[in-house]
Amino acid sequence: MHERLVDRHPEVPADQLVAQMVPPPMFDEVSFDSYIPDPAEPSQAAAVAAARAFAERVGKIHKTAQKKSLFGRKKQIAGAGLYLDGGFGVGKTHLLASIFHSAPAPKSFGTFGELTNLVGALGFTNAVQRLSANSVLCIDEFELDDPGDTMLVSRLLTELSAAGVSIAATSNTLPGQLGEGRFAAQDFMREIKKLGSIFEAVRVDGPDYRHRDLPPAPEPTSPQLLAERAADTPDATLDDFDDLLKHLSTLHPSKYGALISGVSAVYISGVHPVSDQAVALRVVVLADRLYDASVPVTVSGAKLDEIFSQEMLDGGYRKKYLRAISRLLALSRFEVAA
């Protein structure tokens, strides 16, 4: 009998959500020195320099804020801000994690979705209180496609910055859309008006490293071979795609990381294009958590680059879906090469 994700029902206490806000395991050891800029893309070297300088500012601001608190005076120094704008797979998360590692504790790192989940679980006031002692809050894949969430996070960041917390964020602008990066940065700054004046927007260009010199999406595995490979892989799971989608609908997205905890590889049978937006967005979150944990993915049915219908790809969440495809393809190649 194969283990299945659908049989797992994880519970994550709200007070653990802040403690879990750290970079994904694959970014545990990264640093500014380990980022290798592409010589053909000068913006990458410039981005490394900007991120280094920002990390130094974070330390100085936090030290000053601590001194003011020590002497019982209200902190009046505002946090710094850095916005890394660019396409998929150019190393923005590497730089963001490097900022996190360079900053003094306490500090937090999470995706935009994880941050909104945190606020939802803790409540706005509690979230502000728990994060206001941070030297820095690092937000990966800041998204502007949900006005409600964007305004919520904007208000959160405004209050945190006023408390001396520095903010570093990355965007998910698509490669090749030359004007979109600048517009995304302008929209972001407009949403957080009080922070706009201190945010430095830095562009990071380049091809998606996950696709460099790699073949297209691998052909789906046959259902029989999929089951055999799952049975031969310790701590692997095997799920029917539709059953898994139904199970995801019963879990809060903040639990998806716990859902795959301890899983060595994920095997999914009967993959087909998803045409429902709510379902597709859950797949995006699961793909992010699988990618964060470097869990290989192998499927039968449709190819992973066909997991979202064309209607979904043509809609307002196109950026999220393409990011998920990019990450799932990287995980599927990892499994093929293993």
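The values are calculated or read from the model by the stated rules, or taken from the named source; none is laboratory data. Remember, predicted model here, so these are calculated numbers, not experimental data. Here Cβ is always computed from backbone atoms with ideal geometry, including for glycine, and neighbour counts include all displayed protein chains. Note: accessible area is taken over every heavy atom of the protein model, side chains too, but ligands, DNA and RNA are not part of it. Shrake-Rupley method; radii C 1.70, N 1.55, O 1.52, S 1.80 Å.
Out of (1) among the β-branched types (Val, Ile, Thr); (2) free of Cβ contacts under 8 Å to residues at least 40 places away in the same chain; (3) open to solvent by less than 50 Å² (accessible area, probe 1.4 Å), what's the single condition that is false for Thr93?
Status for Thr93: all satisfied but (2).
Within the group Val279, Val263, which residue is touching a Leu at 6+ places or on another chain (Cβ under 6 Å) and surrounded by fewer than 19 Cβ atoms within 10 Å (Cβ to Cβ)?
Just one listed residue meets the conditions, Val279.
Taking region 24-45 on its own, how many of its residues are open to solvent by less than 60 Å² (accessible area, probe 1.4 Å) and either more than 25 Å from Pro106 (Cβ to Cβ) or touching a Leu at 6+ places or on another chain (Cβ under 8 Å) (or both)?
Adding up the residues that qualify gives 8.
Val295 versus (1) open to solvent by less than 50 Å² (accessible area, probe 1.4 Å); (2) in contact with a strand residue (DSSP E or B) (Cβ under 8 Å, 6 or more places away or on another chain); (3) within 17 Å of Ala217 (Cβ to Cβ): which is the lone unmet condition?
Result: Val295 passes all but (3).
Got a sec? Which of Ala49, Ala78 is at pLDDT 95 or above and out of contact with any strand residue (DSSP E or B) (no Cβ under 7 Å at 6 or more places or on another chain)?
Just a single option satisfies the conditions, and that option is Ala49.
Conditions: (1) open to solvent by 20 Å² or more (accessible area, probe 1.4 Å); (2) among the small types (Gly, Ala, Ser); (3) not in a loop (DSSP other than H, G, I, E, B). Ser300 meets all but one. Number of the miss?
(1)
Determine whether Phe188 is assigned to a helix (DSSP H, G or I), touching a strand residue (DSSP E or B) at 6+ places or on another chain (Cβ under 7 Å) and either surrounded by fewer than 18 Cβ atoms within 10 Å (Cβ to Cβ) or modelled with pLDDT under 80 (or both).
So Phe188 passes the test.
Check off (1) open to solvent by less than 10 Å² (accessible area, probe 1.4 Å); (2) modelled with pLDDT of 85 or more for Gln129 and give me the number that stays unchecked.
Of (1) open to solvent by less than 10 Å² (accessible area, probe 1.4 Å); (2) modelled with pLDDT of 85 or more, only one is false for Gln129: (1).
Is one or more of the residues making up region 267-277 in contact with a His (Cβ under 6 Å, 6 or more places away or on another chain) and in a strand (DSSP E or B)?
Checked region 267-277: no residue is in contact with a His (Cβ under 6 Å, 6 or more places away or on another chain) and in a strand (DSSP E or B).
Would you mind telling me which numbered condition in (1) farther than 25 Å from Glu219 by Cβ; (2) among the hydrophobic types (A, V, I, L, M, F, W, C); (3) touching a strand residue (DSSP E or B) at 6+ places or on another chain (Cβ under 7 Å) Ala236 fails?
(1)
Would you check if Gly257 is closer than 18 Å to Glu3 by Cβ, in contact (Cβ under 8 Å) with a residue 24 or more places away in the chain and either assigned to a loop (DSSP other than H, G, I, E, B) or within 24 Å of the chain's Cα centre (by Cα) (or both)?
yes
If a residue must be part of a helix (DSSP H, G or I) and either more than 30 Å from Leu251 (Cβ to Cβ) or modelled with pLDDT of 95 or more (or both), how many such residues does region 10-46 contain?
Adding up the residues that qualify gives 5.
I need the full set of residues from region 13-31 which are under 19 Å from the mean Cα position of the chain (by Cα) and farther than 20 Å from Ser294 by Cβ, in order please.
Answer for region 13-31, where residues must be under 19 Å from the mean Cα position of the chain (by Cα) and farther than 20 Å from Ser294 by Cβ: Gln16, Leu17, Val18, Ala19.
What is the one condition in (1) open to solvent by 60 Å² or more (accessible area, probe 1.4 Å); (2) of a type in the set (A, V, I, L, M, F, W, C); (3) at pLDDT below 90; (4) in the same structural domain as Ser161 (by the TED database) that Met1 does not satisfy?
(4)
Which number in (1) assigned to a loop (DSSP other than H, G, I, E, B); (2) in contact with a Phe, Trp or Tyr (Cβ under 8 Å, 6 or more places away or on another chain) marks the one condition that Arg229 misses?
Arg229 satisfies all of (1) assigned to a loop (DSSP other than H, G, I, E, B); (2) in contact with a Phe, Trp or Tyr (Cβ under 8 Å, 6 or more places away or on another chain) except (1).
Looking at region 309-327 only, could you name the residues that are buried (at least 16 other Cβ atoms within 10 Å of the Cβ) and under 25 Å from Lys92 (Cα atoms)?
Result: Tyr317, Lys319, Lys320, Tyr321, Leu322, Arg323, Ala324, Ile325, Ser326, Arg327.
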